[in-house]
Amino acid sequence: MKIEVIELRHVRMRLREPFETSFGVELDRDCLILRVDCEGMTGWGECVAGITPGYSYETTKTAWHILSEFYIPTVLGREVADVEDYHRGLGAFKGHNLARAGLEMALWDLMGKVQGKSLTTILGGVVERVPVGVSIGIQQDPSALVDAVGRYVEAGYRRVKIKIKPGRDVFEVEAVRKSFPDLPLQVDANSAYTLEDVAVFEELDNQQLLLIEQPLAEDDLIDHSRLQARLQTPICLDESILSARHARQALEIDACRVINIKAGRVSGLLEGLAVHDLCYEAGVPVWCGGMLETGIGRAANLALASLPGFTLPGDISASDRYYAEDIAEPRFTLNPDSTIDVPTGSGLGVEVVSDALDRVTLHREVYKL
Ligand code: OSB
Ligand code: MG
């Protein structure tokens, strides 16, 4: 694939409701959208870096800098054989996985279109629809949380994740449990606690949770292993796992018993596949995490989640859970069995709606030789 033109956009889309986590509240969701052109074909990618360095150290601005100054120049005007070749070209650079993965996604889409194959087919997907749940942000108070859970259960979601932070944890989980005794429920702390908070997790351990996601600091596998030793509930790591090597080492020291795979966080779908394969062989369940993606990134998540090791429901909700208007078509809808169909068109299998994209674009730059 000879890469002729790359376009980078910073987009901002209003969320249908504010999304609050232990690192802050978002009313809008910012990301970068990439377009890569080659011989009349176009590939689209989404870089999930956000406006603040809350989830990751990367932001839309650092990703823009890294992409425009370093990553785009390694592919522009070059013959890129495949995604392995793309990653080899970045061999001298460190980190910035979210930026790396955004450009990789556009190359996967392009490659799928060139080959006339869907991403699920290329990756080795085995199912046509994947089980999904919903991730609910921190609410005003426990009763508002119970109401929010009720609305999503009513809408058909059969697995719910709630965000927790210190002071907004045991009471909220107990309230949800009381109203929904049999609901598959999990929590996500986004690294807001330390081992000193073990008492909180011992309480949560009695609430029949599917898992406890990223309770401690992202750079601390050791304390996660100490915490896991004191709990029955599986710990699931998100922020801590940036590569298949991290995944292997986390499993070796029992720092977690489940892994949330986000292609962005691990530098792309190729490394996501490696994390999947490692866990699949080890019999460790994985599920596909989400970053409030537009229809572009959501399509990639669905393809990833169609691999055989994704045995737990993903954070891949229907388009209308996030945005009144999306930038790609068709919109994703929830099936009555709490699944979403995996796109089957070539590449990502979605069409970008250019005027919808223009409406949410804050800044745009085109790179060509
Ligand atoms: O930790 O899983 C997370 C959204 C932004 C940043 C981090 C996370 C999330 C979510 C949302 O939980 C999941 C979704 O896209 O629905
Ligand atoms: Mg998480």
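The values are calculated or read from the model by the stated rules, or taken from the named source; none is laboratory data. Since this is a predicted model, take the numbers as computed values, not measurements. Neighbour counts run over all protein chains shown; Cβ positions are idealised from the backbone, glycine included. When the accessible area is computed, the model is the full protein with side chains, heavy atoms only, and any ligands, DNA or RNA have been set aside. Shrake-Rupley method; radii C 1.70, N 1.55, O 1.52, S 1.80 Å.
Restricting Gly77, Gly95, Gly45 to residues that are in contact with a helix residue (DSSP H, G or I) (Cβ under 9 Å, 6 or more places away or on another chain), at positive phi and not acidic (Asp, Glu) narrows the list to Gly95.
For segment 191-214, the set of residues classified as within 16 Å of ligand 1 (Cβ to nearest atom), closer than 18 Å to Pro285 by Cα and assigned to a loop (DSSP other than H, G, I, E, B) consists of Leu209, Leu210, Leu211, Gln214, listed by residue number.
Checking Arg29, Arg35 one by one, the residue that is in contact with a Leu (Cβ under 9 Å, 6 or more places away or on another chain) and open to solvent by 40 Å² or more (accessible area, probe 1.4 Å) is Arg35 and no other. Of all residues in segment 325-358, those satisfying the criterion of being among the charged types (D, E, K, R) and either out of contact with any strand residue (DSSP E or B) (no Cβ under 9 Å at 6 or more places or on another chain) or surrounded by 20 or more Cβ atoms within 10 Å (Cβ to Cβ) (or both) are Asp326, Arg331, Asp355.
Restricting attention to segment 238-247, the residues that are within 16 Å of ligand 1 (Cβ to nearest atom) and either of a type in the set (Lys, Arg) or within 17 Å of Asp197 (Cβ to Cβ) (or both) add up to 2.
Between Met1, Met41, the distinction of being under 30 Å from Leu76 (Cβ atoms) and out of contact with any strand residue (DSSP E or B) (no Cβ under 7 Å at 6 or more places or on another chain) belongs to Met41 only. Scanning segment 279-300 for residues that are open to solvent by 20 Å² or more (accessible area, probe 1.4 Å) and over 25 Å from Ala106 (Cα atoms) returns Tyr280, Glu281, Ala282, Gly283, Val284, Pro285. If you filter segment 50-86 down to residues that are among the acidic types (Asp, Glu) and either within 16 Å of ligand 2 (Cβ to nearest atom) or free of Cβ contacts under 8 Å to residues at least 24 places away in the same chain (or both), you find that the one that is least open to solvent (accessible area, probe 1.4 Å) is Glu58. Of everything in segment 153-171 that is without any contact (Cβ under 8 Å) to a residue 40 or more places away in the chain and buried (at least 21 other Cβ atoms within 10 Å of the Cβ), the residue that is farthest from ligand 1 (Cβ to nearest atom) is Asp169. Scanning segment 133-150 for residues that are over 25 Å from Thr311 (Cα atoms) and not small (Gly, Ala, Ser) returns Ile138, Gln139, Gln140, Asp141, Pro142, Leu145, Val146, Asp147.
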